[in-house]
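Asks: Please read through the structure below; I'll follow up with questions.
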Amino acid sequence: MRIANVEGRGSLIIDGQVVDVESATAGAITSDPMELVDLRNHPQMAKLRATEECRDVGDFKLGPPVPRPGKVIAIALNYRSHAEEANKPIPTEPHVMVKFSTCITGPYDDVFMHDLEMVDYEVELVLAVGRRGVRIPSYSAWEHVSGLTIGNDVSDRNEQFRPPIRQFSMAKSYDGFGPIGPILVTPDELQERDDLEISLEVDGELRQHARTSDFIFPVPVLIEWLSKYVTLEVGDLIFTGTTGGVGDSMDPPTYLRHNQIVEASIEGIGSIRNRFIAGDRP
Ligand code: ZN
């Protein structure tokens, strides 16, 4: 299934048509997009079909498919190519930071950079947790994932590395610094869910390009490791880390400027496209 937040209402996209889940289930599932993350609702959702009254998805503005995640876990350094580019040894266990849930924004929304001069992009595969779990073994980890989406882990590098103590979580959590979407795709829709092409362009110039099979910690390993210590709950998001090519590692370092368009794409899911604006959010 392809799950979307269509102007605030949980919907399925079927053959390019919007199926409003609350209407189609006669209210059995509410219009809250967070309901569609819950795997308990998926059997009923899977029976829905588009009808003649359905309208084209292009007629609507899409919001973030998981608008109010519980916690947003972000993994650092999860691609071999990125570790090599950063001259870092390959980690033996995941490194984790947090993005505050209020950073989440829509797939085509503007991102406001205030007066910051070191704002950077990171394309990431994002997992939505659809079933609560503790100590989840890797062999059943995918059974806890309700869908995959695209995220841009926007980061203020100045704040992230500001001495004397690094501040990863704050630097990645400003309002709007977590665009996700355009849709949440259930894992069964993807033939090779552990090997997806992932890329990012700035004003049409390719900056990041990899496959998720380059992960140091594949999805099942990440979920097993995280859930050993932390309860994963329905509606949590996991940003799985970025690949080489971030602006901070360019020579010279190159950060986002006013009016640039960042487009992040993942095979089988689509693309998100955000304009970066110098100035404060409205
Ligand atoms: Zn990241």
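The values are calculated or read from the model by the stated rules, or taken from the named source; none is laboratory data. All figures in this text were calculated on a predicted structure; none of them were measured in a lab. Here the Cβ positions follow ideal geometry from the backbone for every residue, glycine too, while neighbour counts run over all protein chains shown. Protein only, heavy atoms only, side chains kept; ligands, DNA and RNA dropped before computing areas. Shrake-Rupley method; radii C 1.70, N 1.55, O 1.52, S 1.80 Å.
Asks: When both residues are 6+ apart or on different chains and their Cβ atoms are under 8 Å apart, which pairs have a first residue that lies in segment 26-38 and is without any contact (Cβ under 8 Å) to a residue 60 or more places away in the chain, and a second that is open to solvent by less than 40 Å² (accessible area, probe 1.4 Å) and part of a helix (DSSP H, G or I)?
Replies: Once the first residue is without any contact (Cβ under 8 Å) to a residue 60 or more places away in the chain and sits in segment 26-38, its partners that are open to solvent by less than 40 Å² (accessible area, probe 1.4 Å) and part of a helix (DSSP H, G or I) give Ile29/Val21; Ile29/Leu36; Ile29/Asn41; Ile29/Met45; Ser31/Val21; Glu35/Val21; Glu35/Asn41.
Asks: So, one more: Looking at (1) of a type in the set (S, T, N, Q); (2) within 16 Å of the ligand (Cβ to nearest atom); (3) open to solvent by 10 Å² or more (accessible area, probe 1.4 Å), find the lone condition where Thr231 falls short.
Replies: Only one criterion is unmet by Thr231, namely (2).
Asks: With Leu222, Leu237 as the choices, which residue is within 15 Å of Trp142 (Cβ to Cβ), open to solvent by less than 60 Å² (accessible area, probe 1.4 Å) and not small (Gly, Ala, Ser)?
Replies: Unique residue meeting the criteria: Leu222.
Asks: Among the listed residues Arg257, Arg275, identify the single one that is more than 16 Å from the ligand (Cβ to nearest atom) and under 19 Å from the mean Cα position of the chain (by Cα).
Replies: Only one candidate qualifies: Arg275.
Asks: Kindly indicate whether any position in segment 55-74 is touching a residue at least 40 places away in the same chain (Cβ under 8 Å), within 16 Å of the ligand (Cβ to nearest atom) and assigned to a loop (DSSP other than H, G, I, E, B).
Replies: Checked against the condition, which is being touching a residue at least 40 places away in the same chain (Cβ under 8 Å), within 16 Å of the ligand (Cβ to nearest atom) and assigned to a loop (DSSP other than H, G, I, E, B), segment 55-74 yields at least one hit.
Asks: Also, I was wondering about something else. So which pairs qualify, if the first residue must be in segment 122-136 and over 18 Å from Pro218 (Cβ atoms), the second must be of a type in the set (D, E, K, R) and within 13 Å of the ligand (Cβ to nearest atom), the Cβ gap must be under 8 Å, and the two must be at least 6 apart or on different chains?
Replies: Glu122/Asp153
Asks: Among the candidates Ala46, Ala24, which residue alone is surrounded by 19 or more Cβ atoms within 10 Å (Cβ to Cβ) and either more than 16 Å from the ligand (Cβ to nearest atom) or under 17 Å from Ile13 (Cβ atoms) (or both)?
Replies: After applying the criteria, what remains is Ala24.
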